[in-house]
Amino acid sequence: MRNPHNILVTGGCGFIGSNFIRHLLARPDFSGRIVNVDALTYAGNPLSLEDIAAAHPDRYRFLHADICDAPKMTALIAQEQPDTVVHFAAESHVDRSISGPAAFIRTNLVGTFTLLEAARAAWKDRTDVLFHHISTDEVYGSLGSTGRFLETTAYDPRSPYSASKAGSDHLVSAYHHTYGLPVTISNCSNNYGPYQFPEKLIPLMILNLREGKPLPVYGDGGNIRDWLHVADHCAAIGEIIARGRVGETYNIGGDNEWKNIDIVHLLCDIMAEITGKARAEYTRLITFVADRPGHDRRYAIDCEKIKGELGWRPTPDFRALLTATVRWYLDNPAWIESVRTGEYRRWIDTHYGGR
């Protein structure tokens, strides 16, 4: 059992990172402090933690920095002496990795390497520390109509994004086996919830429904994903950094498989319920578009390991959680506008979203 008290979070202004910081500071068993380092690329939004910074000035610190900056990362970890690094920072959108893979290689591979080196230099032979690396189920490739990804499933990445994450996973594991660095890795399924940049399927569809814009669905819409609420993901990470076995990988899934087209129809149903409009007003917006290259057909996570070892379980009521997610986006127009005015000027207006 570890007692993380001084935690460095990378990419904490992003979707999962900002939710994780909120989760930690709300936990009654966590009384420590958090340093959040984020480069504030298009998907990193400091507004996502504006209230946290105001409410916890002595326990939360933000540093605007690039994880690929080796001198800065080395100095930061040496100065702050975190007992735990939780590494979220990554380029994460498959479509953008197809059109521009260089940023994915730099951030996901070089950035992870830079952090590992900085942690190794600061921690030396300490065993009371932990480097936890956040990864994705996409490293495992694509499934047929049956089966689930296990922690022992062979890697078979199909996009520049998943290849870069597979490489970073292997780097983290190698630093444990070669240098004895205490590490854990988690591979998660598709996340949804508040503060997600609207290039991914669910927030993109919500905002397009809100504005009466087309709902672009790749191919025949039959691609299947396992959906995990971000709060459940954050709770799982909290358990891993406290009680997970060093050197181990944990799969985190929602036990919640849906075809993309069925998710879109469910979002139409929810919007109709919330607004009182006819369902057809929303379903008529569904537009099938050409499939993207190398589009994996099905992902499904087997998360029996984390359930058995750490007692974690995903929340079962998907419709209620998805409804709450829709309401969050409808109730937070200021946050939405803030992400539309960044570097990419809502990149998804010209590139179809959806993971």
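The values are calculated or read from the model by the stated rules, or taken from the named source; none is laboratory data. Just so it is clear, the model here is predicted, and its values are computed rather than measured. Positions of Cβ are generated from backbone atoms using ideal geometry, with glycine treated the same way; all protein chains shown enter the neighbour counts.
Exactly one residue among S97, S145, S135 is part of a loop (DSSP other than H, G, I, E, B) and hydroxyl-bearing (S, T, Y), and that residue is S145.
If you go through segment 152-194 and keep only what is surrounded by fewer than 19 Cβ atoms within 10 Å (Cβ to Cβ), within 23 Å of A119 (Cβ to Cβ) and either among the charged types (D, E, K, R) or in contact with a Cys (Cβ under 7 Å, 6 or more places away or on another chain) (or both), you end up with nothing. Being at pLDDT 95 or above and farther than 30 Å from F131 by Cα holds for only one residue in I237, I241, I261, and it is I261.
Scanning segment 226-283 for residues that are assigned to a helix (DSSP H, G or I) and of a type in the set (S, T, N, Q) gives N260, T275, T283. Note on segment 1-22: among residues that are under 22 Å from V246 (Cβ atoms) and crowded, with 17+ Cβ neighbours inside 10 Å, the one that is nearest to the chain's Cα centre (by Cα) is F20. If you scan segment 309-355, which residues turn out to be part of a helix (DSSP H, G or I), modelled with pLDDT of 95 or more and among the aromatic types (F, W, Y)? Those that are part of a helix (DSSP H, G or I), modelled with pLDDT of 95 or more and among the aromatic types (F, W, Y): F318, W328, Y329.
Yes/no matrix, rows are residues, columns are (1) assigned to a helix (DSSP H, G or I); (2) touching a residue at least 60 places away in the same chain (Cβ under 8 Å); (3) touching a helix residue (DSSP H, G or I) at 6+ places or on another chain (Cβ under 8 Å); (4) among the charged types (D, E, K, R):
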site: D58; (1), (2), (3), (4): no, no, no, yes
site: F62; (1), (2), (3), (4): no, no, yes, no
site: L76; (1), (2), (3), (4): yes, yes, yes, no
site: V86; (1), (2), (3), (4): no, yes, yes, no
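Take the conditions modelled with pLDDT of 95 or more, part of a helix (DSSP H, G or I), of a type in the set (S, T, N, Q) and over 22 Å from I301 (Cα atoms) and apply them to T112. Does it pass? So T112 fits the description; yes. Scanning segment 25-50 for residues that are surrounded by fewer than 18 Cβ atoms within 10 Å (Cβ to Cβ), at pLDDT below 95 and not in a loop (DSSP other than H, G, I, E, B) gives P46, L47, E50.
Of all residues in segment 110-142, exactly one satisfies the criterion of being under 25 Å from R158 (Cβ atoms), in contact with a Leu (Cβ under 7 Å, 6 or more places away or on another chain) and surrounded by fewer than 24 Cβ atoms within 10 Å (Cβ to Cβ), namely F113. For residues that are among the acidic types (D, E) and modelled with pLDDT of 85 or more, scanning just segment 296-308, find the one that is nearest to R245 (Cα to Cα). For segment 296-308, the residue satisfying everything is E304.
Looking across segment 288-323, just one residue is loosely packed, with under 15 Cβ neighbours inside 10 Å, touching a helix residue (DSSP H, G or I) at 6+ places or on another chain (Cβ under 7 Å) and more than 20 Å from A231 (Cα to Cα), and that is P293.
Among the residues of segment 151-167, those that are in contact with a Phe, Trp or Tyr (Cβ under 8 Å, 6 or more places away or on another chain), in a helix (DSSP H, G or I) and hydroxyl-bearing (S, T, Y) comprise Y161, S164.
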